[in-house]
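Reviewing the structure listed below.
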Amino acid sequence: MSQDKWNDPADPMPEPPYEPALEECCGNGCEPCIFDIYNEALRQYRADLKAWQVRHPEADGFSH
């Protein structure tokens, strides 16, 4: 099923966060590291996606 067939513009499907490449980390022990930021964004995305799927059961089984 195409995402366009059921994706409501007023409640769009959450987009996954940008995943940084390994070489994007400077290796200086930054706090937070870009990977810490990514992991938090990924956790939030998964929670948002789960909530969105509850609101859009017709999209069951579709993911990015």
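Before moving on, here are some points about what is shown:
- The length gained by stretching the chain between N28 and Q44 to full extension, at 0.36 nm per residue less their Cα-Cα distance, is 3.2 nm.
- Positive contributions from Lys and Arg (+1) and negative ones from Asp and Glu (-1), summed over other residues with Cβ under 11 Å from the Cβ of P17, come out at -2.
No value in this document is a laboratory result; all are computed from the given coordinates. Not measured: the values here are computed from a predicted model. Every residue, glycine among them, receives a Cβ derived from its backbone with ideal geometry; neighbour counts consider all protein chains shown.
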